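Here's the structure we're looking at; comments come further down.
The values are calculated or read from the model by the stated rules, or taken from the named source; none is laboratory data. It should be emphasised that the depicted structure is a prediction, and the values quoted were computed from it without experimental measurement. Cβ placement follows ideal geometry from the backbone for every residue including glycine, while neighbour counts extend to all protein chains displayed.
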Amino acid sequence: MHKPWNCSASPRRLLATGWAKNKQTVYAPIAAKMKFVTYDEQGLGKEANNKSSNCRADIEGPSNGKAMNVEEIGDYNMPLQDALELAITNWWRQIETEGIPADLMYTAEMESAGKITKFMANENIDSVGCAVTRCLPIGKIRVVCEYNTTPSTDEVVYTKATKKPCSSCAQIQKTCGTHYSEGLCV
């Protein structure tokens, strides 16, 4: 298991501060109360590892009440850290290539098309656990990340700020972060 969330903190911060490219609106709107995400190795990380490590079986769906992203990479010899970074980059890239609508709603249509940005960009997600497994029997590397909650379809992915990021952190009993967590509620 790897502790990858530093790979994703920067894209999440870019999204929260309005600098993430978004196919629908050029740049994604600024977030009012996007939470900083912590890495949960003992809980979510173990769940992700249990799902990725049985190489001969299909990867199970997310645990009850959780969300999950999966990537299988055909380059079996790729370093595991590189595979993890590639998967996270591919997941975040969906905002740039597919986009989040201006109203920030994640619709049933988006869900049926397999768009996973609602997990990565959802303001209610605050912890994640990932596992990276080299699967010799199938000649692939599996990357599985499980998130602490399942965002609902037909609800906003995150709350749009009127002027600046973190403007509503107090509503969720948090403050605006600094440095690596700038723009995120901590």
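Among the residues of segment 87-106, none qualifies, meaning not one is at pLDDT 95 or above, crowded, with 17+ Cβ neighbours inside 10 Å and closer than 26 Å to residue 178 by Cβ.
Checking the stated criteria, residue 186 turns out not to satisfy the condition of being closer than 19 Å to residue 66 by Cβ and among the β-branched types (Val, Ile, Thr).
Within segment 132-153, residues that are on the phi > 0 side of the Ramachandran plot sit with their Cβ atoms under 7 Å from residues that are surrounded by fewer than 19 Cβ atoms within 10 Å (Cβ to Cβ) and of a type in the set (Phe, Trp, Tyr), at 6+ positions apart or across chains, in these pairs: 139/76.
With respect to the conditions (1) assigned to a strand (DSSP E or B); (2) buried (at least 20 other Cβ atoms within 10 Å of the Cβ), residue 15 lacks only one, and its number is (1).
Evaluated against (1) crowded, with 19+ Cβ neighbours inside 10 Å; (2) closer than 26 Å to residue 84 by Cα; (3) at pLDDT 90 or above, residue 117 falls short on exactly one condition, (3). Apart from one condition, residue 44 fits all of (1) part of a loop (DSSP other than H, G, I, E, B); (2) under 26 Å from residue 111 (Cβ atoms); (3) in contact (Cβ under 8 Å) with a residue 40 or more places away in the chain; the exception is (1). Filtered by the rule that a residue be at positive phi and among the acidic types (Asp, Glu), segment 154-177 gives a lone residue, 154.
State whether the residues of segment 148-164 include one that is within 24 Å of residue 57 (Cα to Cα) and at pLDDT 90 or above. Yes, segment 148-164 contains at least one residue that is within 24 Å of residue 57 (Cα to Cα) and at pLDDT 90 or above.
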